[in-house]
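First comes the structure, then the notes that go with it.
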There are 2 protein chains.
Amino acid sequence: MKEKGILVVVSGFSGSGKGTIMKQLLEEHPSTYALSISATTRIPRPGECHGKEYFFVSREEFEQMIHKKALIEYAQYVDNYYGTPKDYVVEKLEQGKDVILEIEIQGALKVKKAYPDTLLLFVSPPSAQELKNRLINRGTEEEAVIASRLSRAWQEAQGIEQYDYFVINDDLEECVQEVHSIIQNEHARAARNCELIETIRAELKSFAKGE
Amino acid sequence: MKEKGILVVVSGFSGSGKGTIMKQLLEEHPSTYALSISATTRIPRPGECHGKEYFFVSREEFEQMIHKKALIEYAQYVDNYYGTPKDYVVEKLEQGKDVILEIEIQGALKVKKAYPDTLLLFVSPPSAQELKNRLINRGTEEEAVIASRLSRAWQEAQGIEQYDYFVINDDLEECVQEVHSIIQNEHARAARNCELIETIRAELKSFAKGE
């Protein structure tokens, strides 16, 4: 029997590089991971495809999903809903894939509450100064936008202690490797191997009795 | 400042190969790990050196160590004491080394109680049948000894769920690599990085205020 996959939530400051890390992780290990696709009521931007970047749904459809408890978590930003459809995640977990949800901290903590064996990873640059530098060096953001992102980062930083791992993204390749090994090692958690432990124990008992 | 090391307890069934794993781990990463050396009141066997296999001490010396709380844990088997001297462990942890204690399950749980951030690893063969085969294939043990080891293994198997990781030793090289990466990933635990998180948070706050 194939082992069930692990639900992994990855969060991180804007500018932490978490999007790039996830992209690379999926490219390097396509049969190990599945990326959860969010549902949203916002309009697709040019080039975005339904079922790739997002499942684009109407407000009515989204509210129906809420009503049917078909979402693992959801939130409203400005005038749009964003949420994680449950069916897709459950299906991939059953197939033995480790499913990655890239969501922000409030959603992450909701998921952990509903599914306590979720693995929570927080990706951070090595320092706040480095985060600021990265935002500035993008060159696309106005000063006010950068200030607002840093302010948001500070607000987000309130819940980090509730994450399982705090991963520093200093070197991209090393960070991808670290995230991969953290997730794969999680399969060896004693708490995730109760059935196997019980099987070995029962067998040992029969041997000890000379059966 | 060099990061403090992690205290790691490794246990496993007799025949699990944990001794070989630890030896190889130390050989491959001599500057990363230190192996804790136990104190004992038993007589050295031919070839055993004081300060290498064990610290060989008198019964009086050992009881003095108990009295002075100089041991992390200790136990009595048959007529001899065995214990883990605290000074050596603390010194190596302060140097930033990850210190490995190879002790059995009762001692391991005592250590975890006294030092809750201890990492507990349990090494197991892939199955009880494989454990039995390995004991038989050693060819050095009588049937009664094998039965008693299996019986002891069953007794030990009672506490495994309290370990952090349950590591299967199927292929030695892979297992050494897995143990190494489990221990090294542990440094990225959010709970072990509270100071760093707090530093980043404080810096973000000052940026967000435009300081």
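Only a single item in (1) within 30 Å of B:I160 (Cα to Cα); (2) crowded, with 19+ Cβ neighbours inside 10 Å; (3) within 7 Å of chain B (Cβ to nearest Cβ) is not met by A:R189, and it is number (2).
Summed over region B:1-48, the residues that are of a type in the set (F, W, Y) and outside any loop (DSSP other than H, G, I, E, B) give a count of 1. Cβ-Cβ distances below 6 Å connect the following pairs, each with a first residue in region A:6-25 that is more than 13 Å from A:D170 (Cβ to Cβ), a second residue that is of a type in the set (D, E, K, R) and modelled with pLDDT of 95 or more, and a separation of six or more residues or different chains: A:I6/A:D98; A:I6/A:E186; A:V8/A:D98.
For B:Q155, state whether it is over 30 Å from A:L150 (Cα atoms), within 22 Å of the chain's Cα centre (by Cα) and more than 9 Å from chain A (Cβ to nearest Cβ). Criteria not met by B:Q155. Among the residues of region A:122-137, those identified as in contact with a Gly (Cβ under 8 Å, 6 or more places away or on another chain) and either part of a helix (DSSP H, G or I) or more than 9 Å from chain B (Cβ to nearest Cβ) (or both) are A:V123, A:L131, A:R134, A:L135. Taking the criterion of being of a type in the set (D, E, K, R) and either buried (at least 17 other Cβ atoms within 10 Å of the Cβ) or within 8 Å of another protein chain (Cβ to nearest Cβ) (or both), the residues of region B:158-170 that qualify are B:E161, B:D164. On the stretch given as region B:2-55, residues that are crowded, with 17+ Cβ neighbours inside 10 Å and among the charged types (D, E, K, R) total 1.
In region A:130-139, the count of residues that are in contact with a helix residue (DSSP H, G or I) (Cβ under 9 Å, 6 or more places away or on another chain), surrounded by 19 or more Cβ atoms within 10 Å (Cβ to Cβ) and at pLDDT 95 or above is zero. Kindly establish whether A:A208 is free of Cβ contacts under 8 Å to residues at least 24 places away in the same chain, at the interface with chain B (Cβ under 7 Å from one of its Cβ atoms) and either over 22 Å from the mean Cα position of the chain (by Cα) or on the phi > 0 side of the Ramachandran plot (or both). So A:A208 passes the test. Selection of region B:193-205 for residues being more than 7 Å from chain A (Cβ to nearest Cβ) and either among the hydrophobic types (A, V, I, L, M, F, W, C) or closer than 17 Å to A:V179 by Cβ (or both) yields B:L196, B:A202. Look at B:I21 and say whether it is of a type in the set (V, I, T) and closer than 28 Å to B:I182 by Cβ. For B:I21, the condition - of a type in the set (V, I, T) and closer than 28 Å to B:I182 by Cβ - is met.
All of (1) away from every other protein chain (no Cβ under 13 Å); (2) surrounded by 15 or more Cβ atoms within 10 Å (Cβ to Cβ); (3) closer than 30 Å to B:E178 by Cβ hold for A:E173 with one exception: (2). Within region A:78-119, being among the charged types (D, E, K, R), surrounded by fewer than 19 Cβ atoms within 10 Å (Cβ to Cβ) and outside any helix (DSSP H, G or I) holds for A:D79, A:E104, A:D117.
The values are calculated or read from the model by the stated rules, or taken from the named source; none is laboratory data. Here the structure is a predicted model, which is why all the values come from computation and not from measurement. No Cβ is skipped: glycine too gets one built from the backbone with ideal geometry, and neighbour counts run over all protein chains shown.
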